[in-house]
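The values are calculated or read from the model by the stated rules, or taken from the named source; none is laboratory data. The structure presented is a predicted model; accordingly, all values stated were derived computationally and were not measured. FYI the Cβ positions are ideal-geometry reconstructions off the backbone, even for glycines, and counts take in every protein chain you see. With ligands, DNA and RNA removed, areas are computed over all heavy atoms of the protein, side chains included. Shrake-Rupley method; radii C 1.70, N 1.55, O 1.52, S 1.80 Å.
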Amino acid sequence: MLAKVCSAAVNGIEAYPVEVEVNAGWGDTIVVIVGLPDAAVKESRDRVSTALTNSGFHFPMGRTTINLAPADVKKEGPSFDLPIAVGMLAASEQLASEQLEHFVMVGELALTGAVRAVKGVLPIALRARAEGKQGVLVPAENAPEAAVVSGLQVIPIQNLREAVGFLEGEVAIARTRVDIARLFNEVSDDELDFADVKGQESVKRALEIAAAGGHNVLLIGPPGTGKSMLAKRLPTILPPLTLDEALETTKVHSIVGLLAPGQALVTQRPFRAPHHTVSDAGLLGGNANPTPGEISVAHHGVLFLDELPEFKRNVLETLRQPLEEGRVTISRAAGTMTFPSQFMLVAAMNPTPDGKMPHESRSSPREIQNYLGRISGPLLDRIDLHVEVPAVKFQEITSAKPGETSAQIRERVVAARQRQHERFAGRARITCNARMGSRDLKSYCALDEPAMELLKFAMNDLKLSARAYDRILKVARTIADLAGSANILPDHVSEAIQYRSLDRQLWT
């Protein structure tokens with residue numbers, strides 16, 4: 001007898017439907033799986049056979065052929081265990097149900113028949129809705145994640161016998177539902193706050209500008225000045241995630257397996273801080289079958305690279321395309337994958353090899369230049385703000401005066417972002433000032449004569465590149481938005497110019 005069960009698999013960050021066809025025939029008792037299965041899928045024969053027996057079912061006698069269609073796409077992971085088991089029961093007439101075509105099911109089976117969590121349930125649920133399915137059968141741990149997809153029944157499954165009972169109409173299982181509004185209102189108890197930072201008002205101002213316009217930042221200063229402390233608090237002043245952004249971010253986290261058990265949605269902007277020994281595959285994504293890397297996990301959040309010159313040169317150079325385009329394309333023999341990577345880059349570094357300021361350092365000028373030379377000019381051009389982080393004064397450390405809270409700074413940031421949304425209405429590609437292209441600068445960053453003369457002087461005197469010119473205009477536009485000004489004034493341009501520290505060659 002032939003049975004068909006609907007399932008799905010993930011390719012990149014999107015899911016595609018997989019039809020599990022099971023045929024129980026005559027011959028020697030053997031299970032054959034075809035359709036380009038990987039090792040984990042092939043091993044499901046032993047998991048499923050043991051789970052069927054331990055759940056009180058009979059293992060089908062004779063030759064059982066399982067086809068995972070489409071047959072020209074490689075299938076990975078243990079998520080096909082549940083649909084294969086259900087298909088074998090239907091093919092051997094131990095399960096009679098008309099519901100199989102209406103539900104998509106995924107799940108790994110334990111030897112006891114229990115259903116374990118799998119990766120990528122959110123994109124699978126989104127695909128099931130797009131295919132017009134009635135609902136999904138998923139592991140109970142993954143049910144909240146799937147339940148954020150509206151218009152879809154989410155059936156949490158604890159074990160194989162429970163799944164069979166539901167499909168036959170003998171077991172009633174409550175559908176999983178989540179309150180998305182409540183999820184966004186939940187605040188982490190250990191949330192950081194800018195009020196914890198003593199002094200560094202100029203750096204806080206720079207980070208506020210970066211958050212308001214989505215700009216990349218490089219923090220330059222000696223050890224112990226608070227660079228990491230400030231960077232970790234940057235997500236707390238970024239605008240809250242929208243539902244669409246949260247879904248995109250959650251899809252990536254689901255595929256990588258970073259969602260906590262029972263977590264439905266990523267509602268806080270991610271903060272990723274990979275070690276400087278990270279490989280290019282770890283940062284961008286890759287391996288034989290490409291999976292998202294750190295820059296995609298940081299999608300709609302912050303990627304923090306501490307001790308920037310310590311990263312391998314070839315790893316840093318791979319950031320250039322994602323920083324410009326907001327996505328990364330990985331090509332391997334298995335195919336080409338495109339992952340989203342719209343993140344804010346925050347990097348930190350010492351001004352000299354020994355960590356001291358240039359006038360205090362024992363390093364020679366050549367050693368200092370070699371140290372700074374580990375970061376290429378094209379990469380520095382893609383960082384909008386170069387911010388000097390000085391040592392904190394004793395009076396500031398011991399001051400009892402509270403600093404501004406993250407909530408207060410975020411209000412100004414959100415107001416500036418709102419002006420940008422209104423300005424770029426109808427331009428889905430541009431989400432903030434940092435995403436403007438060269439053509440957009442002519443429309444949205446026009447300068448009056450005094451501002452243009454100031455910028456002309458800076459370009460000639462500092463010998464800035466054309467890309468640095470674009471960055472200054474974008475940052476000036478953001479400063480004007482924070483000030484509530486429709487026009488970019490000379491003061492805004494002047495402040496933007498001062499954030500090109502390395503272009504001004506302060507360390508020579």
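Computed quantities for the displayed model
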| item | result |
| --- | --- |
| Amide H contacts under 5 Å for Ile157, placed H, 5+ residues apart | Val138, Ala140 |
| Tensor-based shape of the range 198-321 (alpha-carbon gyration tensor, a/c under 1.5 rounded, otherwise prolate or oblate) | oblate |
| Integer Hz, Karplus 6.51/-1.76/1.60 couplings in order for the range 124-136, x for Gly and Pro | 5, 5, 5, 5, 4, 5, 5, 7, x, 6, 6, x, 9 |
| Over 24 Å between alpha carbons, listed pairs Lys75/Lys251; Lys4/Lys75; Lys232/Lys442; Lys227/Lys463; Lys4/Lys133; Lys232/Lys463 | Lys232/Lys442; Lys227/Lys463; Lys232/Lys463 |
| Gyration tensor verdict on the chain (Cα atoms; rounded if a/c is under 1.5, prolate if a/b is larger than b/c, oblate otherwise) | prolate |
| Calculated FRET efficiency for the pair Glu404/Ala466, C-beta based, R₀ 45 Å, to 0.05 | 0.80 |
| Theoretical FRET efficiency, 1/(1+(r/R0)^6), r = Cβ-Cβ of Asn289 and Leu258, R0 25 Å, to 0.05 | 0.90 |
| Paramagnetic label zone (point 7 Å from Cα along Cα-to-C-beta, Thr65; backbone N under 11 Å) in the range 10-26 | 22-26 |
| Percentage relative contact order, the range 53-168, counting C-alpha pairs under 8 Å, at least six apart | 25 |
| Within the chain, percent of DSSP bridges classed antiparallel, to nearest 5 | 45 |
| Reach of Lys312 by Cα under 17 Å, taken over aspartates and glutamates that are not fewer than 8 positions away in the same chain | Asp280, Glu294 |
| Dipole moment magnitude, nearest 20 debye, the chain about Cα centre, only Lys, Arg, Asp, Glu C-beta charged | 1040 |
| Cα gyration tensor shape of the range 286-419, rounded if a/c is under 1.5, else prolate or oblate by comparing a/b with b/c | oblate |
| Residues with amide H under 5 Å from that of Val389, placed H, sequence gap 5 or more | Ile220, Gly221 |
| Rounded to 10°, Cα long-axis angle of helix 44-54 versus longest principal axis of the chain | 50 |
| Carbon + sulfur, % of accessible area of the chain - ligands and nucleic acids excluded, 1.4 Å | 50 |
| Separation between Cα centres of the range 254-328 and the range 193-240, rounded to whole Å | 20 |
| Glu411-Arg116 FRET efficiency (beta carbon distance; Förster radius 56 Å; 0.05 resolution) | 0.80 |
| Heavy-atom accessible area per residue - the chain, 1.4 Å, Å² | 45 |
| Rounded to the nearest 20 debye, dipole of the range 163-215 from Cβ charges on Lys, Arg, Asp, Glu | 240 |
| Residues of type aspartates and glutamates that Lys198 reaches as a straight line, Cα spacing below 15 Å, ignoring anything fewer than 8 places off in the same chain | Glu396, Glu404 |
